[in-house]
Amino acid sequence: MNNFWIILVHTYLNKLKSKSFIVTTFLTIVIVLGLTNFQNIIENFDKNGGKENVAVLDETGKLYKPFKQQLKTINKDINLTFYKGTEKEAEKAVENGKFTGLLELRFNKEGLPEAGYKAMSIADSALYTDLQTALQQVKTMLAASKINLAPDQLQKLYEPVSFEKTALEKNAKTEEELNQARGLVYVLLFIIYFAVIMYANMIAMEVATEKSSRVMEILISSVSPIKQMFAKILGIGLLSLTQLAVFLIVGYFSLTKNMESLKDGFFGVYGFGDIPAATIVYAVIFFILGYFLYATLAAFLGSLVSRIEDVQQMITPMTLLVVGGFMIAMFGLGKPDAAFITITSYIPFFTPMIMFLRVGMLTIPVWEAVLGIAILVATIAVLAIFGARVYRGGVLMYGKSNSFKDIKKALQLTKNQ
């Protein structure tokens, strides 16, 4: 076992000290800090402090006040200025950067409000939509007054309909719990997706690199290929846990310092308080099992190629499986109880993401989650046995080997040893 631990530690330390790992870790930390400080960054770069200044030309002399009142209820960050100059002067002020845009209020032939908006760029659809919504509400009020509707009647007419959702299933999650679970699952699905792709690729590249440098010929004379394969898988696994631990620690401390500015955005909709311990446990289990599943697959696929350039071509089907599972999981966030989601959650290559989605979003029997875990463990065991045999012969194959037909050649070499 000494040789096994030597390869494991060597793989771990070699990758840990590599420039690519250090640069990737640093850049990811910068991205994490950027995302958790996003609101503060926007405010620092925005000369108006996140507020929009819009000049208003009211040709009617009657629309400005009700329009301003309605807009205040929609978006408090839009500042309106009643402009007393001419249209040309207002346009010039917009061109000079004094105002974001110019809004012209007027009546149409029916005596109802309409408007025109001018700006240097009309790409800000959110601002345009808020202005249009406020004007629509003013138009509704004026139209109601023309047909002699009292204010209380108008309020009754546009009062939102009461619509309550109640789950009849025992112990079913409430709407608030579903939103919280959806946010957590969304984040963890991305972690599982990127981690599996990145670290599985790393294992395939590691094996191919050693083969291309002929180091493998020396290694197999002292250590069995099976020990090599699992030493590399565990070495890269420890590396992934190290890197993820750094990301999580940085992200956690950055979030705690910026939670106040983030509570109205993503974290306001998808709360992260009172996360069930079972969900975290399942996340760890499915992450580890998903890693071993794809890492084992990547190791023996990497052993079939002799050139680093051929690695991506060989592992493309594996990558497509990960992408497919992720896309199905994204669809399942909106409809986690769909039959399609239930069926695919038992397909081993999709189970790490989709079964975790179901566990996080639904109240499913424990036996279903356990069955998914059992299927994954059994698949990993079968893949490990088969992969070890392919790896054992594959590491001895040189030349142009980038076809799945080479699996048969690798197995034949294994038999001949």
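The values are calculated or read from the model by the stated rules, or taken from the named source; none is laboratory data. Predicted, not measured: the structure shown is a model, and the values here were computed from it. Here the Cβ is made from the backbone with ideal geometry for all residues, glycine too, and neighbour counts use every protein chain on show. All accessible areas refer to the heavy atoms of the entire protein, side chains included, with ligands and DNA or RNA removed. Shrake-Rupley method; radii C 1.70, N 1.55, O 1.52, S 1.80 Å.
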| request: Report whether or not residue 39 is modelled with pLDDT of 85 or more, part of a helix (DSSP H, G or I) and not basic (Lys, Arg). | output: no
| note | Here the residues within the range 1-19 that are surrounded by fewer than 16 Cβ atoms within 10 Å (Cβ to Cβ) and either under 20 Å from residue 248 (Cα atoms) or not polar (S, T, N, Q) (or both) are 1, 5, 6, 9, 10, 13, 16, 17, 19
| field | Top-ranked residue of the range 294-349 - restricted to ones that are touching a residue at least 40 places away in the same chain (Cβ under 8 Å) and assigned to a loop (DSSP other than H, G, I, E, B), ranked as most open to solvent (accessible area, probe 1.4 Å) | value | 307
| request: May I ask you to list pairs of residues, at least six apart or on different chains, whose Cβ atoms are under 7 Å apart, with the first in the range 1-16 being farther than 16 Å from residue 207 by Cα and in contact (Cβ under 8 Å) with a residue 12 or more places away in the chain and the second being among the hydrophobic types (A, V, I, L, M, F, W, C) and part of a helix (DSSP H, G or I)? | output: 16/239
| request: Go through the residues of the range 284-306 one by one and say whether even a single one is touching a Lys or Arg at 6+ places or on another chain (Cβ under 7 Å) and at pLDDT 80 or above. | output: no
| task | Those residues that are open to solvent by less than 10 Å² (accessible area, probe 1.4 Å), of a type outside the set (S, T, N, Q) and over 14 Å from residue 279 (Cα atoms), I need them from the range 350-374; list them, please. | result | 372
| task | Give the range 240-282 a look and list any residue that's surrounded by 13 or more Cβ atoms within 10 Å (Cβ to Cβ), at pLDDT below 65 and outside any loop (DSSP other than H, G, I, E, B), or say none. | result | 261, 262, 266, 267
| message | Given (1) part of a strand (DSSP E or B); (2) among the charged types (D, E, K, R); (3) open to solvent by 30 Å² or more (accessible area, probe 1.4 Å); (4) within 17 Å of residue 69 (Cα to Cα), identify the lone condition not met by residue 139. | response | (1)
| message | Anything in the range 160-210 that is at pLDDT 70 or above and of a type outside the set (A, V, I, L, M)? List them, or say none. | response | 182, 183, 186, 190, 193, 194, 199, 201, 206, 209
